[in-house]
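Have a look at the structure below before the remarks.
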Amino acid sequence: MNRREFLGATALAGPALALPQSSGETAGWFDRPMRWAQLTLVEDDPEHYDLNFWLDYFRRTHSDAACLSAGGCVAYYPTKIPLHYRSKWLGNRDAFGELVAGCRKQNMVVIARTDPHAVHQDVYDAHPDWIAVEADGKKRRHWASPELWVTCALGPYNFEFMTAVTKEIVSLYKVDGVFSNRWAGSGMCYCEHCRENFKKAAGMDLPRTNDPRDPVKRAHQQWREQRLFELWRLWDGEIRKINAAARYIPNSGGGASGDLDMKTIGELAPILFADRQARSGMAAPWANGRNGKEYRSTMGRKPIGGIFSVGVEEPYRWKDSVQSGAEVRLWALDGIANGLRPWFTKFSGTLHDQRWLPVVEDLYGWLYRNERYLRNEAPLARVGLVYSQQTYRYYGGTQARQHVEDHSLGYYHALVEARIPFEMVHDQLLDADRLAPLKVLVLPNIAALSDRQCEQLRAFVARGGGLVATHETSLYDENGVRRKDFGLADLYGASYDGAVDARMQNSYLRLESPRHPLLAGLEDAERIINGVARVHTRTTAAYPNPPLTLIPSYPDLPMEEVYPRVPKTDIPEVFARDSKGRVVYFPWDIDRTSGKSSRPITASSCATRSIGRRMNRVP
Ligand SMILES: [Zn+2]
């Protein structure tokens with residue numbers, strides 16, 4: 001299907017799929033802003049920054065909401081709370097208050113930014129127990145500003161001191177919300193409060209390992225998560241007591257690697273912001289849109305902002321410089337295309353490089369003129385790409401990037417290349433209602449699945465849904481413990497045969513005849529590359545003519561030795577089954593190999609497409 005046909009088909013599908021504009025939960029101010037502006041003040045800004053320049057820039061960009069620096073590490077207003085450090089450049093000014101008043105005059109939504117992760121020496125002196133502690137017992141100095149100290153997120157500094165700060169800000173300025181940055185701590189903390197509270201809650205001493213599969217680490221991770229949700233609820237409750245329409249909005253959320261449960265986040269938050277500000281290194285340009293899909297998977301149609309930086313987000317952190325206009329535009333637009341409402345963030349009110357100003361003004365102006373097309377939207381995709389925080393933690397462990405994230409990125413890339421519209425699906429939301437709009441589910445090495453989740457997937461296929469699974473999908477339970485067999489063995493028509501090749505060199509796949517539709521586009525090839533890792537499988541049902549069979553590894557040097565020792569086997573490397581719904585299972589890492597070699601592998605996107613076509617339900 002080409003783009004025009006797709007637009008035609010989706011135009012027809014649109015009305016039937018349109019969901020209500022907003023639920024009761026989002027009935028507040030949350031759905032109104034379409035263009036967010038963030039000015040993160042630096043400490044000397046109160047003396048140097050040009051208030052009117054910024055208010056004028058917000059007006060020129062049609063920004064309808066602002067996030068402004070208020071307090072935490074540095075207070076930009078005349079705070080009365082002891083130990084709440086005021087900017088040395090504040091003098092008699094109220095930099096935060098002036099900005100709030102100016103934005104209000106422009107009818108903007110205003111949320112206050114706090115940052116509780118660092119404090120000055122006076123806080124250390126008064127409350128040494130508020131400071132985070134390293135494994136060796138030393139208090140944690142700030143890694144980038146050694147004169148500052150890093151705070152413990154889970155003790156009285158946040159629960160008491162920052163609660164008072166939050167209440168003061170909302171009382172004085174009647175802001176619409178408080179957004180805090182780095183509120184969840186900066187690594188493992190061994191302070192006295194963490195020690196005592198964890199002991200009380202779990203009966204254990206703090207873990208000494210980073211491996212999330214370790215039982216103590218796992219208990220700590222769950223305790224920490226609970227504690228942070230408790231903090232979220234505390235701050236939100238205190239804010240709402242003062243201003244019922246306001247909310248606490250943590251800088252939180254993410255995909256499989258997110259450290260807080262996305263399902264709970266989706267239930268708690270009326271609005272949320274994805275904070276992946278720019279790409280670094282060789283990140284794909286579509287990675288920002290992926291944020292939108294990940295957040296939407298649990299937030300549903302509640303508004304989600306996409307924070308983009310005009311700065312350079314490389315490890316060296318040249319915070320005062322800016323990206324090229326094309327880069328800024330590319331990143332922001334991919335977010336917008338995936339439902340994120342753009343939020344530009346600029347550090348420092350004093351500009352050292354103005355090249356970004358017309359870029360954001362132009363982009364926001366375009367969005368302003370076309371805003372009506374970007375509201376009341378609903379995903380029309382019929383393919384869901386599953387992601388799994390439990391797989392990331394308990395199966396991936398310390399190698400989750402390679403064993404979990406790379407599979408997901410590879411499949412994501414294949415779907416983008418194949419022009420197949422898709423959503424992301426959280427593995428805790430596989431019930432029939434949630435999956436109703438979807439016709440095909442893709443499980444890129446979603447290794448850790450509970451019996452219940454497997455049952456939900458079985459039910460999806462029984463309802464006629466298509467399923468594509470790769471590698472070790474369902475070979476582990478929800479705790480990351482390996483099963484005797486795949487949880488989905490019956491769907492695959494294949495059982496685990498007791499071994500996984502973790503690294504194959506120079507192995508191939510033989511394309512068998514008659515050619516299966518999966519192999520469309522590969523007519524001139526009799527074999528293609530195999531992946532790098534492979535699960536050994538045993539066929540459990542009659543499976544004549546497997547479309548792909550294994551050609552085992554053979555030497556790749558010296559060149560004289562490079563010929564297959566075994567030209568043909570009957571070991572299937574894909575299981576394609578028709579039942580009520582279609583199931584395609586690749587025992588090898590088709591997704592990761594595809595992503596890592598940066599070349600689309602036709603079969604994975606073909607599998608998704610051919611299942612959909614056959615059902616006449618996806619392009
Ligand atoms: Zn602590």
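The values are calculated or read from the model by the stated rules, or taken from the named source; none is laboratory data. Note that this is a predicted model, so its numbers are computed, not measured. Methodologically, a virtual Cβ is constructed for each residue, glycine included, from the backbone with ideal geometry; neighbour enumeration extends over all protein chains shown. In case anyone asks, the SASA skips ligands and DNA or RNA and just uses the protein heavy atoms, side chains included. Shrake-Rupley method; radii C 1.70, N 1.55, O 1.52, S 1.80 Å.
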Among residues belonging to the stretch 298-340 that are crowded, with 21+ Cβ neighbours inside 10 Å and β-branched (Val, Ile, Thr), point out the one that is farthest from Leu363 (Cα to Cα).
Thr298
Restricting to the stretch 131-152, name every residue that is open to solvent by less than 30 Å² (accessible area, probe 1.4 Å) and either within 14 Å of the ligand (Cβ to nearest atom) or in contact with a Cys (Cβ under 8 Å, 6 or more places away or on another chain) (or both).
Ile131, Ala132, Val133, Arg140, Leu148, Trp149, Val150, Thr151, Cys152
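Which ones in the stretch 218-230 are without any contact (Cβ under 8 Å) to a residue 40 or more places away in the chain and either open to solvent by 70 Å² or more (accessible area, probe 1.4 Å) or within 12 Å of the ligand (Cβ to nearest atom) (or both)? Spell out the reasoning first.
First pass over the stretch 218-230, keeping only residues without any contact (Cβ under 8 Å) to a residue 40 or more places away in the chain: 219-220, 222-223, 225-226, 229-230.
Selection gives His220, Gln222, Trp223, Gln226, Glu230.
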Failed condition for Ala65, given (1) more than 16 Å from the ligand (Cβ to nearest atom); (2) more than 31 Å from the chain's Cα centre (by Cα); (3) within 30 Å of Leu272 (Cβ to Cβ)
(2)
Selected residue (criterion: nearest to the chain's Cα centre (by Cα)) from residues of the stretch 372-399 that are buried (at least 18 other Cβ atoms within 10 Å of the Cβ) and of a type in the set (D, E, K, R):
Arg393
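Quick one: is Arg393 of a type in the set (Lys, Arg) and farther than 29 Å from Lys302 by Cβ?
Values: of a type in the set (Lys, Arg): yes; farther than 29 Å from Lys302 by Cβ: no.
No.
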Please specify each residue of the stretch 153-200 satisfying the condition of being surrounded by fewer than 24 Cβ atoms within 10 Å (Cβ to Cβ), of a type in the set (Gly, Ala, Ser) and away from the ligand (no atom under 16 Å from the Cβ).
Ala164, Ser171
Among the candidates Ser171, Ser180, which residue alone is more than 29 Å from the chain's Cα centre (by Cα) and hydroxyl-bearing (Ser, Thr, Tyr)?
Ser171
Filter result (among the hydrophobic types (A, V, I, L, M, F, W, C) and over 21 Å from Ile446 (Cα atoms)) within the stretch 532-581:
Ala541, Ala542, Leu548, Leu550, Ile551, Leu557, Met559, Val562, Val566, Ile571
Looking at Pro215, Pro207 in this structure, which one is more than 30 Å from Ile169 (Cα to Cα) and either open to solvent by less than 30 Å² (accessible area, probe 1.4 Å) or within 9 Å of the ligand (Cβ to nearest atom) (or both)?
Pro207
Go through the stretch 121-149 and report how many residues are within 19 Å of Ser69 (Cβ to Cβ) and among the hydrophobic types (A, V, I, L, M, F, W, C).
3
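Just to be sure, is Arg369 surrounded by fewer than 22 Cβ atoms within 10 Å (Cβ to Cβ) and of a type in the set (Lys, Arg)? Spell out how you get there, then give the answer.
Values: surrounded by fewer than 22 Cβ atoms within 10 Å (Cβ to Cβ): yes; of a type in the set (Lys, Arg): yes.
Here the answer is yes, as Arg369 does meet what is asked.
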In the stretch 354-380, which residues are assigned to a loop (DSSP other than H, G, I, E, B) and over 30 Å from Leu438 (Cα atoms)?
Gln354, Arg355
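So, in the stretch 101-120, how many residues would count as being assigned to a helix (DSSP H, G or I) and open to solvent by less than 40 Å² (accessible area, probe 1.4 Å)? Show your work before the answer.
Going through the stretch 101-120, the residues assigned to a helix (DSSP H, G or I) turn out to be 101-105.
Still in the list and also open to solvent by less than 40 Å² (accessible area, probe 1.4 Å): 102-103.
Of the residues in the stretch 101-120, 2 are assigned to a helix (DSSP H, G or I) and open to solvent by less than 40 Å² (accessible area, probe 1.4 Å).
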Out of (1) surrounded by fewer than 19 Cβ atoms within 10 Å (Cβ to Cβ); (2) modelled with pLDDT of 95 or more, the odd one out for Phe347 is which?
(2)
Does any residue of the stretch 121-130 turn out to be within 26 Å of Asp275 (Cα to Cα) and surrounded by fewer than 22 Cβ atoms within 10 Å (Cβ to Cβ)?
no
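Only one of Ser513, Ser450 is hydroxyl-bearing (Ser, Thr, Tyr) and over 30 Å from Val562 (Cα atoms); which?
Numbers: Ser513 fails: over 30 Å from Val562 (Cα atoms).
Exactly one of Ser513, Ser450 is hydroxyl-bearing (Ser, Thr, Tyr) and over 30 Å from Val562 (Cα atoms), namely Ser450.
Looking for something surrounded by fewer than 22 Cβ atoms within 10 Å (Cβ to Cβ), more than 25 Å from Glu405 (Cβ to Cβ) and among the β-branched types (Val, Ile, Thr) - is there at least one such residue anywhere in the stretch 492-503? Working first, answer last.
Pass one, the stretch 492-503, residues surrounded by fewer than 22 Cβ atoms within 10 Å (Cβ to Cβ): 493, 495-503.
From what's left, more than 25 Å from Glu405 (Cβ to Cβ): 493, 495, 497-498.
Subsequent filtering for residues that are among the β-branched types (Val, Ile, Thr) retains none.
Scanning the stretch 492-503, I find no residue that is surrounded by fewer than 22 Cβ atoms within 10 Å (Cβ to Cβ), more than 25 Å from Glu405 (Cβ to Cβ) and among the β-branched types (Val, Ile, Thr), so the answer is no.
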Answer with yes or no whether Arg592 is within 24 Å of Ala447 (Cα to Cα), outside any strand (DSSP E or B) and either open to solvent by 70 Å² or more (accessible area, probe 1.4 Å) or modelled with pLDDT of 95 or more (or both).
yes
Kindly indicate whether any position in the stretch 150-160 is closer than 15 Å to Leu231 by Cα and free of Cβ contacts under 8 Å to residues at least 24 places away in the same chain.
yes
Return yes or no: is Val165 under 33 Å from the mean Cα position of the chain (by Cα), assigned to a strand (DSSP E or B) and at pLDDT 95 or above?
no
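Kindly indicate which of Asp136, Asp122 is without any contact (Cβ under 8 Å) to a residue 40 or more places away in the chain, out of contact with any helix residue (DSSP H, G or I) (no Cβ under 9 Å at 6 or more places or on another chain) and under 12 Å from His84 (Cβ atoms).
Details: Asp136 fails: under 12 Å from His84 (Cβ atoms).
None of the other options fit; the residue is Asp122.
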Could you check the stretch 64-100 and list, in sequence order, the residues that are among the aliphatic types (A, V, I, L, M) and either within 25 Å of Gly306 (Cα to Cα) or in a loop (DSSP other than H, G, I, E, B) (or both)?
Ala65, Ala66, Leu68, Ala70, Val74, Ile81, Leu83, Leu90, Leu99, Val100
